[in-house]
């Protein structure tokens, strides 16, 4: 069975601080896909990134960066120079591919204080 | 705006009733997924359709059913509703179904309240 663990239930930082959200996954599949989604207070789920298990390159997109390490089954997300607008619940998710639905973690509630 | 639409936005109904939630995927997307988000269970995958055919089932109750129509819109039917069915129901769509898992784009959700 697949499982995603986001151990940090809530993180609160002051604006402009860097913050890392942890994601640890469990799967027996050799091919799998990892995702991060953002759920702002308005409630919609916004896609941030997809990564497949064969690509361990880290990715940077503006203030966002992702660190994928198969050796530790982790796919962590870092926000650099955080802003109030980054306040949201962030979900890490896992899929086998094909028709498989996403297995989500419980989410990390990120609060950026001005 | 993800391009996925869901109606209604809010729904309030009584226990024992039946409701239908509607979803229109992004233009060109053939796959539709349904998810339930509740405080105790978190985000759970319910069911997936591809071009009108059911392809995968998750934690969907027998009281729930879904279908995808020829115009690719999908409906999720919830019957014999219980208080515990109160949740946010999301629809998502993705580009295609191959062995890869493409990113899923989520609609705004339907907030169901069962009283």
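The values are calculated or read from the model by the stated rules, or taken from the named source; none is laboratory data. Not measured: the values here are computed from a predicted model. Cβ coordinates were reconstructed from backbone atoms using ideal geometry, including for glycine residues, and neighbour counts include every protein chain displayed.
Which strands (runs of 3 or more DSSP E) does segment B:1-91 wholly contain that include 1 or more residues that are touching a residue at least 60 places away in the same chain (Cβ under 8 Å)? Working first, answer last.
Details: elements: B:5-7, B:10-13, B:19-24, B:31-38, B:42-50, B:53-57, B:64-68, B:74-78.
The qualifying strands (runs of 3 or more DSSP E) are B:5-7, B:10-13, B:19-24, B:31-38, B:74-78.
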**OP:** Exactly one condition in (1) within 11 Å of chain A (Cβ to nearest Cβ); (2) modelled with pLDDT under 95; (3) more than 20 Å from residue A:96 (Cβ to Cβ) is not met by residue B:59; state its number.
**Re:** (3)
Subject >> Some residue of segment A:50-63 being within 12 Å of chain B (Cβ to nearest Cβ), under 13 Å from the mean Cα position of the chain (by Cα), surrounded by 17 or more Cβ atoms within 10 Å (Cβ to Cβ) and in a strand (DSSP E or B) >> reply: yes
Original post:
Out of B:63, B:55, which single residue is over 18 Å from residue B:4 (Cα atoms) and touching a helix residue (DSSP H, G or I) at 6+ places or on another chain (Cβ under 9 Å)?
Top reply: B:63
Original post:
So which residues in segment A:68-97 are buried (at least 16 other Cβ atoms within 10 Å of the Cβ) and over 10 Å from residue A:23 (Cβ atoms)?
Top reply: A:78, A:79, A:82, A:86, A:87, A:88, A:89, A:95, A:96, A:97
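Go through segment B:93-106 residue by residue and tally those that are facing chain A (nearest Cβ under 8 Å) and at pLDDT 90 or above.
Here is the first cut: in segment B:93-106, the residues facing chain A (nearest Cβ under 8 Å) are B:97-106.
Narrowing the set further to residues that are at pLDDT 90 or above leaves B:104-106.
So the answer is 3.
Taking segment B:43-56 as the region of interest, how many residues are surrounded by fewer than 16 Cβ atoms within 10 Å (Cβ to Cβ) and within 13 Å of another protein chain (Cβ to nearest Cβ)? Spell out how you get there, then give the answer.
As a first pass, look at segment B:43-56 and keep what is surrounded by fewer than 16 Cβ atoms within 10 Å (Cβ to Cβ): B:51-54.
In the following step, the residues that additionally are within 13 Å of another protein chain (Cβ to nearest Cβ) were identified as B:51, B:53-54.
Summing the residues that are surrounded by fewer than 16 Cβ atoms within 10 Å (Cβ to Cβ) and within 13 Å of another protein chain (Cβ to nearest Cβ) in segment B:43-56 gives 3.
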Original post:
Which condition number does residue A:42 fail, the rest of (1) surrounded by fewer than 13 Cβ atoms within 10 Å (Cβ to Cβ); (2) more than 20 Å from residue B:104 (Cβ to Cβ) being met?
Top reply: (2)
Original post:
For segment B:9-34, how many residues are farther than 20 Å from residue A:43 by Cβ and within 14 Å of another protein chain (Cβ to nearest Cβ)?
Top reply: 3
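Quick check on my filter: what residues within segment A:15-33 are part of a strand (DSSP E or B) and at pLDDT 95 or above? Please lay out each step first, then the result.
Within segment A:15-33, the first condition is being part of a strand (DSSP E or B), and the residues that meet it are A:19-21, A:24-26, A:33.
Those that are part of a strand (DSSP E or B) and at pLDDT 95 or above: A:19, A:20, A:21, A:24, A:25, A:26.
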Original post:
So, of the residues in segment A:84-114 that are more than 14 Å from chain B (Cβ to nearest Cβ) and assigned to a loop (DSSP other than H, G, I, E, B), which turns out to be farthest from residue A:3 (Cα to Cα)?
Top reply: A:114
